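First the structure, in the form of structure tokens, and then the observations on it.
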4 protein chains.
Amino acid sequence: MAIKKNSLVDKEKERQDLGFGTNVTSRQARIIKANGEFNVKKLGQSFSARVNVYNKLILMSWPKFFAYIMAFYLSINFIFASVYYFVGTENLKGITSENSLTAFGEAFFFSSQTLTTVGYGHVSPSGFLTSSIAAFEAMIGLLIFSIMTGLLYGRFSRPNPKVVFSENAVVAPYLNINGLMFRMVNEKNNQLINVEVSVIFSRNELDNGEIKRKYYNLELERKQVKFFAMAWTVVHPITESSILFNETAESLAEADAEILISLEGTDDTQADKVHTRRSYLYEEILWGHKFDNILSPVDNTYVIDLNKVGKTIKAELNS
Amino acid sequence: MAIKKNSLVDKEKERQDLGFGTNVTSRQARIIKANGEFNVKKLGQSFSARVNVYNKLILMSWPKFFAYIMAFYLSINFIFASVYYFVGTENLKGITSENSLTAFGEAFFFSSQTLTTVGYGHVSPSGFLTSSIAAFEAMIGLLIFSIMTGLLYGRFSRPNPKVVFSENAVVAPYLNINGLMFRMVNEKNNQLINVEVSVIFSRNELDNGEIKRKYYNLELERKQVKFFAMAWTVVHPITESSILFNETAESLAEADAEILISLEGTDDTQADKVHTRRSYLYEEILWGHKFDNILSPVDNTYVIDLNKVGKTIKAELNS
Amino acid sequence: MAIKKNSLVDKEKERQDLGFGTNVTSRQARIIKANGEFNVKKLGQSFSARVNVYNKLILMSWPKFFAYIMAFYLSINFIFASVYYFVGTENLKGITSENSLTAFGEAFFFSSQTLTTVGYGHVSPSGFLTSSIAAFEAMIGLLIFSIMTGLLYGRFSRPNPKVVFSENAVVAPYLNINGLMFRMVNEKNNQLINVEVSVIFSRNELDNGEIKRKYYNLELERKQVKFFAMAWTVVHPITESSILFNETAESLAEADAEILISLEGTDDTQADKVHTRRSYLYEEILWGHKFDNILSPVDNTYVIDLNKVGKTIKAELNS
Amino acid sequence: MAIKKNSLVDKEKERQDLGFGTNVTSRQARIIKANGEFNVKKLGQSFSARVNVYNKLILMSWPKFFAYIMAFYLSINFIFASVYYFVGTENLKGITSENSLTAFGEAFFFSSQTLTTVGYGHVSPSGFLTSSIAAFEAMIGLLIFSIMTGLLYGRFSRPNPKVVFSENAVVAPYLNINGLMFRMVNEKNNQLINVEVSVIFSRNELDNGEIKRKYYNLELERKQVKFFAMAWTVVHPITESSILFNETAESLAEADAEILISLEGTDDTQADKVHTRRSYLYEEILWGHKFDNILSPVDNTYVIDLNKVGKTIKAELNS
């Protein structure tokens, strides 16, 4: 009896779990969205977890990032200008304007010259209060710009793998059996090394009358390559022990199947770890197709055509 | 006999050791404090090891950090102002004050303008000595602010996992046996990948008449997940080979049992390694409870309710 | 039959794949070029992938890098000078020049003083528009210099292993058989630790009448060393199970053989991962040679002579 | 015969190799010096490998580092001052001095104000050439200070494990046999996690009449701990399969034995990898001693006394 217990435990150990409850399924919802994000929403997050400023600022688009920087810069200057104006622009030597609007403008520009530490000096603070504020602003400016410039460089230097995946996965002949395959190319010219890929297959299964979502690791022909110099066709051989053995396009559609791909590697330039994700829904799997050749030697060089990453040709499956 | 020797050695190898002597126990002291720190105090540390400036400045609260920065900024300016004042404010061209207090104030503001490299120039150094000090201060200012701004950005960009643990661990039915379980949710929206958890069980044992603290690794149903997208219920199956087999709430209380959890993973945003710790004391383990469902599909999205991480319902244990 | 299928799959798993199609060979093209880059060209890259600014700027030579910085600095100042000039140099107080060329020059220098935040102030902006542009330029300057200085420090601090490889690999006697060997020395004085090396052998093979390029992992005597303090002679023992068993210099030349070497380790100074590559073509393998001694104790120190890394002496091979 | 060949190859694989030739021994020279550096000198290094600027600047002492910074700052200013002086100080508006020495001094201070971007402006450049030089210097200043401040922060934030080793290793009773042991304590209050230790034993051996240096990995009771919270006594059990079985203090002295220790782990604060080294010469091994208790519970806290790390008491060895 002890043996039976352990065998159940052992079997359970082999299952994959993405932290999704198994009793939750939704035919419409794919787990990984097209942009690689998980299709999930969290309730009850703390403010800092929900906003997650740093992550947002690193990941947002460049135009949005610069808009934020401009808005922030203008706001900070507006605030300090208001303070200088409130304390009295007569404490800003060099401001001659008697018009209150233009005086505010000059206070604003003085603020910007202090915040950026340009400090031309044609306007300069006088009096204890205004001088103190300016001394404070110069320090704050250095701190603020360290965040801004740190983010800017962090975004600029962020290792950002550009892995092009074939638009479709295929089930193609493989040796004397068949295999589930997809193809990837490193679009950049820098090297990715020690690239490792893992593939998880998920589908709905009937379990005691309930539809449950199950996850299975797909064993691969090769799960790691030393160099990802060119194209890599990842193959799951559909052997008799494969979960896909005897499955068809129809049975996968029926079970709402999805293939989750996770790729990790090291960017050679600065030895940074990189990571990317992709998923194929059952409808993105072509049966009886194989990938067309993508590489050709031209003169003394190997030439690879990125436009052909997803190009397939018909191929009769082994039975 | 050699065999007997080796078997003892082999047995010893399986034991865990946290660097705590085994002959030391204290019923009142938990090993990991509520805030995740080890409950330990070191005598005879060197000054630099005890103070450990960098770590302190990275880990202290934000208000405290800013207070330190302000205090440091004011102190440095005070020191340089004193030097300028001592050398003679007549060497600071542009200072007209004859009052010694306000002259010191102007020297102070000149110092701040030099330290931050604003350098308006309405006050400027003259004479060899004062000019030299100002040249030195400007350089020192750049160095000091590199530390300050480096720390600021280091704190800001520090990967800081926000993993919410269930308030209690439970002993719940698991397959046809029982399991020790706790649940975790990644509170942030960024991804943690390759998350690995290890669980150490410690308790007092009678060994040759002495009470000793012993540590055991608990084998887990799954010790690593590829993605930590949502909730993860970590399970130690209480099989016949488990150290918890035949234990009860009473026997754990008697033995002052504690469960130490260590979680490691990689933050997806910048591929940073993250780490967090947690412990459950025997009194935080609920027997005959299981975790309630935390996830529900709403429209095309999976919704997870963080308030329910620790929510349990009664469940009859397998015998 | 299932067994036969699996045995084919298993055999395929052992093969190496560098992402090169197996049906592509070119006698003239070596896979890794002399400078360690892959000999590959990609068509259809996106603009950002092709340009890959960050990588280029990190990897280019120092003179080129400084030329780029100078050109960029001059261009930015030229652009802003043009804007100031267009708006009207009368808004730059302190410019007295009536000559339009020298006025442009003064606008240019004002721009440089703003961009670098020097801001002497003998020239200063007046009027809303010019002041706004200057405020904008000072901010842009801080952002631009954060990229430039970040790149500069990134290049400067980049862990750059200087591993000297022997000019030739050798096939030398090894114990009572022979071995394929090459020798490496860490030229720098800092430590490389946990150094791991992997060696891939590739050659042309006749497969169903087609010439295909095949890749094989060579098993090593030692594939990792804890410390790479001095010279390391990497050895592939040519046992009966080796792919090189019974091969000769002639058969390797015939098959256009190449040995690809990848070395990874950790730089001790900042615990940075480092990586380097090397390849030997068949014509760079010396048969019946062994490496000469490179190390000698002098007084209380071990002395290693880098000029002898590739020095070999004749040695009769075991049959 | 093939089998015999392979068994030799297999035996060779188990040997350790630190890149030292095996036929080189020197009774006086220990391999790792007291400060953790390898006792090695390289001839024929390239200039950049020998100087290795970045490493030197990161690892040198703080006083030396600041001395370098000061010297560099003074030199750069001296150079630019010379250029301004040569071009003519009449182009530096605001310099009134007619004495050539004090004019040079003013040029020097103007240079420092430009280099640091303070730019008070009481002295300002005029004329195309001087203005150009100043524009160049301001840019150079930003670049230079990015190196200086980057190095400063790199040194400041560098994870620097402070592991205190016992002054001696001991051979002490261990279970029913004996063990070679040494003790380590993490002196700092931050956590080291996933700490792994490896121990290499080296000695002279007679091999075909020649004295050769041989290296052996010592198997450990525990080679990794999850947390290095306190004291860790590393134990090599001297079983019958140990290379130390039947060895004595005398035989180790005879063979010039040395134990090399390498420790790696992760600093919890920023998830940085850390690494440290240590060696014990045969004369630093105490036979028949064991380590005294170092830990005691005080109130609700565990207290560890760093002064007792190396404290041993006599203990009769098992025979």
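The values are calculated or read from the model by the stated rules, or taken from the named source; none is laboratory data. Model, not experiment: these values are computed from the prediction. Virtual Cβ from ideal backbone geometry, glycine too; neighbours counted across all protein chains shown.
Which numbered condition trips up B:ILE211, out of (1) assigned to a helix (DSSP H, G or I); (2) over 22 Å from the mean Cα position of the chain (by Cα)?
(1)
Is it fair to say B:LEU129 is surrounded by fewer than 19 Cβ atoms within 10 Å (Cβ to Cβ), free of Cβ contacts under 8 Å to residues at least 60 places away in the same chain and either more than 30 Å from B:ALA107 (Cα to Cα) or touching a helix residue (DSSP H, G or I) at 6+ places or on another chain (Cβ under 6 Å) (or both)?
Values: surrounded by fewer than 19 Cβ atoms within 10 Å (Cβ to Cβ): yes; free of Cβ contacts under 8 Å to residues at least 60 places away in the same chain: yes; either more than 30 Å from B:ALA107 (Cα to Cα) or touching a helix residue (DSSP H, G or I) at 6+ places or on another chain (Cβ under 6 Å) (or both): yes.
Criteria met by B:LEU129.
Let's see how each residue does on (1) within 12 Å of chain B (Cβ to nearest Cβ); (2) closer than 23 Å to D:ASN194 by Cα:
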| residue | (1), (2) |
| --- | --- |
| D:SER262 | no, yes |
| D:GLY265 | yes, yes |
| D:ASP268 | yes, yes |
| D:SER279 | no, yes |
| D:LYS290 | no, no |
| D:ILE294 | yes, yes |
| D:VAL298 | yes, no |
| D:TYR302 | yes, yes |
| D:LYS308 | yes, no |
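Among the listed residues D:ASN178, D:ASN160, D:ASN217, identify the single one that is away from chain B (no Cβ under 14 Å) and not in a helix (DSSP H, G or I).
D:ASN217
Give B:ALA81, B:ALA134 a once-over and let me know the one that is of a type outside the set (Val, Ile, Thr), surrounded by 23 or more Cβ atoms within 10 Å (Cβ to Cβ) and under 46 Å from the mean Cα position of the chain (by Cα). Write out each step before concluding.
Numbers: B:ALA81 fails: surrounded by 23 or more Cβ atoms within 10 Å (Cβ to Cβ).
Only one candidate passes the filter, namely B:ALA134.
For region A:124-149, how many residues meet the condition of being touching a strand residue (DSSP E or B) at 6+ places or on another chain (Cβ under 7 Å) and small (Gly, Ala, Ser)?
Residues flagged as touching a strand residue (DSSP E or B) at 6+ places or on another chain (Cβ under 7 Å) and small (Gly, Ala, Ser) within region A:124-149 amount to 4.
Being within 14 Å of D:SER262 (Cα to Cα) and aromatic (Phe, Trp, Tyr) is true for just one of D:PHE227, D:PHE201. Which residue is that? Quick ask: steps written out before the conclusion?
Working: D:PHE227 fails: within 14 Å of D:SER262 (Cα to Cα).
So the residue among D:PHE227, D:PHE201 that is within 14 Å of D:SER262 (Cα to Cα) and aromatic (Phe, Trp, Tyr) is D:PHE201.
Exactly one of (1) in contact (Cβ under 8 Å) with a residue 60 or more places away in the chain; (2) more than 10 Å from chain B (Cβ to nearest Cβ); (3) in contact with a Gly (Cβ under 9 Å, 6 or more places away or on another chain) is unmet by D:ILE200. Its number?
Only one criterion is unmet by D:ILE200, namely (3).
Quick check on region C:178-196: of everything there that is crowded, with 21+ Cβ neighbours inside 10 Å and of a type in the set (A, V, I, L, M), which residue is nearest to C:VAL225 (Cα to Cα)?
C:VAL195
Counting residues that are of a type outside the set (Lys, Arg), which strands (runs of 3 or more DSSP E) fully inside region A:239-319 reach at least 3?
Correct list: A:258-267, A:272-281, A:285-287, A:295-298, A:301-305.
Of the residues that make up region A:285-293, is at least one at pLDDT 90 or above and under 19 Å from the mean Cα position of the chain (by Cα)?
no
Let's see how each residue does on (1) more than 18 Å from B:ARG183 (Cβ to Cβ); (2) modelled with pLDDT of 70 or more:
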position	(1), (2)
A:ASP10	yes, yes
A:ASN23	no, no
A:ASN35	yes, no
A:ARG50	yes, yes
A:LEU59	yes, yes
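So in region B:283-303, with the set limited to residues that are touching a residue at least 60 places away in the same chain (Cβ under 8 Å) and touching a helix residue (DSSP H, G or I) at 6+ places or on another chain (Cβ under 8 Å), which one is surrounded by the fewest Cβ atoms within 10 Å (Cβ to Cβ)?
Checked region B:283-303; the qualifying residue surrounded by the fewest Cβ atoms within 10 Å (Cβ to Cβ) is B:TRP287.
So which of D:LEU151, D:LEU192 ends up being over 25 Å from D:ILE259 (Cα atoms), aliphatic (A, V, I, L, M) and under 23 Å from the mean Cα position of the chain (by Cα)? Walk me through how you get there before you give the answer.
Values: D:LEU192 fails: over 25 Å from D:ILE259 (Cα atoms).
Criteria check complete, one pass: D:LEU151.
Taking the options A:LEU101, A:LEU129, A:LEU143, name whichever one is closer than 16 Å to A:TYR73 by Cα and assigned by TED's automatic domain parsing to the domain that holds A:ALA81.
Only one candidate qualifies: A:LEU143.
Any idea how many residues of region B:111-138 are within 8 Å of chain A (Cβ to nearest Cβ) and part of a helix (DSSP H, G or I)?
Of the residues in region B:111-138, 2 are within 8 Å of chain A (Cβ to nearest Cβ) and part of a helix (DSSP H, G or I).
Going by the structure shown, is B:LEU142 facing another protein chain (nearest Cβ under 9 Å), in contact (Cβ under 8 Å) with a residue 40 or more places away in the chain and not hydroxyl-bearing (Ser, Thr, Tyr)?
It is false that B:LEU142 is facing another protein chain (nearest Cβ under 9 Å), in contact (Cβ under 8 Å) with a residue 40 or more places away in the chain and not hydroxyl-bearing (Ser, Thr, Tyr).
With the checklist (1) within 12 Å of chain B (Cβ to nearest Cβ); (2) out of contact with any helix residue (DSSP H, G or I) (no Cβ under 8 Å at 6 or more places or on another chain); (3) closer than 17 Å to C:SER112 by Cβ in hand, flag the one item D:LYS93 doesn't pass.
Evaluating D:LYS93 over (1) within 12 Å of chain B (Cβ to nearest Cβ); (2) out of contact with any helix residue (DSSP H, G or I) (no Cβ under 8 Å at 6 or more places or on another chain); (3) closer than 17 Å to C:SER112 by Cβ leaves (1) as the failure.
If you scan region B:218-242, which residues turn out to be of a type outside the set (D, E, K, R) and surrounded by fewer than 16 Cβ atoms within 10 Å (Cβ to Cβ)?
Matches in region B:218-242: B:GLN224, B:SER241.
How many residues does region D:220-250 contain that are within 14 Å of chain B (Cβ to nearest Cβ), without any contact (Cβ under 8 Å) to a residue 12 or more places away in the chain and closer than 14 Å to D:VAL170 by Cα?
Matching residues across region D:220-250 total 0.
Which residue, of A:LEU260, A:LEU317, A:LEU306, is buried (at least 16 other Cβ atoms within 10 Å of the Cβ), in contact with a helix residue (DSSP H, G or I) (Cβ under 9 Å, 6 or more places away or on another chain) and more than 25 Å from C:ASN217 (Cα to Cα)?
A:LEU306
Read through the list (1) touching a residue at least 12 places away in the same chain (Cβ under 8 Å); (2) at the interface with another protein chain (Cβ under 10 Å from one of its Cβ atoms), then give the number of the only condition that D:ILE211 fails.
It is condition (2) that D:ILE211 fails.
Looking at region C:247-260 only, could you name the residues that are at pLDDT below 90 and under 18 Å from C:GLU196 (Cα atoms)?
Of everything in region C:247-260, just one residue is at pLDDT below 90 and under 18 Å from C:GLU196 (Cα atoms), namely C:LEU260.
Quick check on region D:204-218. Is at least one of its residues modelled with pLDDT of 85 or more, among the β-branched types (Val, Ile, Thr) and farther than 20 Å from B:SER46 by Cβ?
The answer is no; no qualifying residue exists.
Are any of the residues in region A:102-110 within 30 Å of B:PHE156 (Cα to Cα) and either part of a loop (DSSP other than H, G, I, E, B) or touching a helix residue (DSSP H, G or I) at 6+ places or on another chain (Cβ under 6 Å) (or both)?
Checking region A:102-110: at least one residue is within 30 Å of B:PHE156 (Cα to Cα) and either part of a loop (DSSP other than H, G, I, E, B) or touching a helix residue (DSSP H, G or I) at 6+ places or on another chain (Cβ under 6 Å) (or both).
Only one of (1) touching a residue at least 24 places away in the same chain (Cβ under 8 Å); (2) more than 10 Å from every other protein chain (Cβ to nearest Cβ) is not met by D:ASN194, so which one is it?
(2)
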